[in-house]
C-alpha cells in the first residue's frame, strides 16, 4: 500500500455498487478515511464491511442526493465523525429513459436531472464550506464520454453529463483561490450493474452486451470499475495539485475516433 491519499477524508456518493464501490475500496486501501453514501443501504454497508476487513477505515451513510436538506445534514455528520472533508466524488447517477427526445416525458427528464445534475450541485454546495475551512480540497464529478460526444440514445442522460462537465469548469474557476480543485472524469462503457441493466433493456445477455460494447472501444474491451477508480485516486491525491477545470477521459479510445 503506497498510501497516496493517506489521512484524507473522502466522501463518495453512490458508493455501494459499481464504480462507486471500486472507488471506495481503492481510496481506503490507499490510506483515506471514506464516507460511503448511497440509497442502497445493504450494498453500502457491505462495501464498508469489505473495507474494514481489508484494514481500511469507512462508515456508511444513507444519502439521497436529490434531497438538499439531507445532503446538508449528512455532510455535517461526516465532518463531525471524521473532520473536514478533503475529497468529494460526485458519482451517484442514473441512466434514465432511452427513447427519442420527442417521446421523453417531463417526469422522465426531471428524474435524471434531479440525480445527475441537481445532486452534484447539492453535494458540491454543501461540501465547499468544509473544504474552505480545511484550506482546500478536490471535487471530482463523474461525467461520461457522453458529456463530450453524442449518441442516439438516452437523451436526458446525455444532457445531464454535459451539464456536469461544465459545472466542473465553472466551479474550478470560482474556488481555485481557495485551493479547491474541481475536475470531471469521462468514462467509456464500464461493466457495472447500470450498464448491464442498460444492455438487458435492449434484449442482450451479459455476454452479448460485453461483446457488443467491446467493439465500440479501439482498445478492444469494456472497462472495469478499477479503471475509473485509479483516475479518481489520481485526482484525489496531491499528485494532481496543478489539475483543475480539466477532463480526465478514460474511455479505451472511444472518443479518439
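The values are calculated or read from the model by the stated rules, or taken from the named source; none is laboratory data. Remember, predicted model here, so these are calculated numbers, not experimental data. Reconstructed Cβ throughout: ideal geometry from the backbone, glycine too, with neighbour counts over all protein chains shown.
Here are a few things to note about the model shown:
- Top-ranked residue in region 175-186 [being surrounded by fewer than 19 Cβ atoms within 10 Å (Cβ to Cβ) and in contact with a helix residue (DSSP H, G or I) (Cβ under 9 Å, 6 or more places away or on another chain); ranked as nearest to residue 233 (Cα to Cα)]: 179
- Any hit, region 129-138, residues being in contact with a strand residue (DSSP E or B) (Cβ under 9 Å, 6 or more places away or on another chain), at pLDDT 95 or above, within 22 Å of residue 16 (Cα to Cα) and not in a helix (DSSP H, G or I): yes
- Residue check, residue 170 within 27 Å of residue 124 (Cβ to Cβ), more than 16 Å from the chain's Cα centre (by Cα) and either without any contact (Cβ under 8 Å) to a residue 40 or more places away in the chain or surrounded by 14 or more Cβ atoms within 10 Å (Cβ to Cβ) (or both): yes
- The one condition from (1) without any contact (Cβ under 8 Å) to a residue 24 or more places away in the chain; (2) in contact with a helix residue (DSSP H, G or I) (Cβ under 6 Å, 6 or more places away or on another chain) that residue 144 does not meet is (1).
- Whenever a residue of region 46-57 is on the phi < 0 side of the Ramachandran plot, its partners that are part of a loop (DSSP other than H, G, I, E, B) and buried (at least 16 other Cβ atoms within 10 Å of the Cβ), lying with C-beta atoms within less than 7 angstrom and at least six residues away or across chains, give the pairs 47/15; 47/16.
- Here 127, 149, 120, 89 are screened, and the one residue that is over 20 Å from residue 5 (Cα atoms), buried (at least 17 other Cβ atoms within 10 Å of the Cβ) and within 20 Å of the chain's Cα centre (by Cα) is 120.
- Annotation note: of 192, 244, the sole residue that is touching a residue at least 24 places away in the same chain (Cβ under 8 Å), within 30 Å of residue 86 (Cβ to Cβ) and touching a strand residue (DSSP E or B) at 6+ places or on another chain (Cβ under 6 Å) is 244.
- Criterion: part of a strand (DSSP E or B) and buried (at least 18 other Cβ atoms within 10 Å of the Cβ) - qualifying residue of 232, 195, 249: 249
- All of 78, 89 fail the test of being under 24 Å from residue 183 (Cβ atoms) and in contact with a helix residue (DSSP H, G or I) (Cβ under 7 Å, 6 or more places away or on another chain), apart from 89.
- Under the condition of being surrounded by 15 or more Cβ atoms within 10 Å (Cβ to Cβ) and modelled with pLDDT of 95 or more, the residues counted in region 95-106 number 1.
- Positions within region 209-233 being closer than 18 Å to residue 184 by Cβ and without any contact (Cβ under 8 Å) to a residue 60 or more places away in the chain, in sequence order: 223, 227, 231
- Of all residues in region 152-167, exactly one satisfies the criterion of being surrounded by fewer than 17 Cβ atoms within 10 Å (Cβ to Cβ) and modelled with pLDDT of 95 or more, namely 166.
- Residue 164 being part of a helix (DSSP H, G or I), touching a residue at least 60 places away in the same chain (Cβ under 8 Å), touching a helix residue (DSSP H, G or I) at 6+ places or on another chain (Cβ under 9 Å) and under 30 Å from residue 108 (Cα atoms): yes
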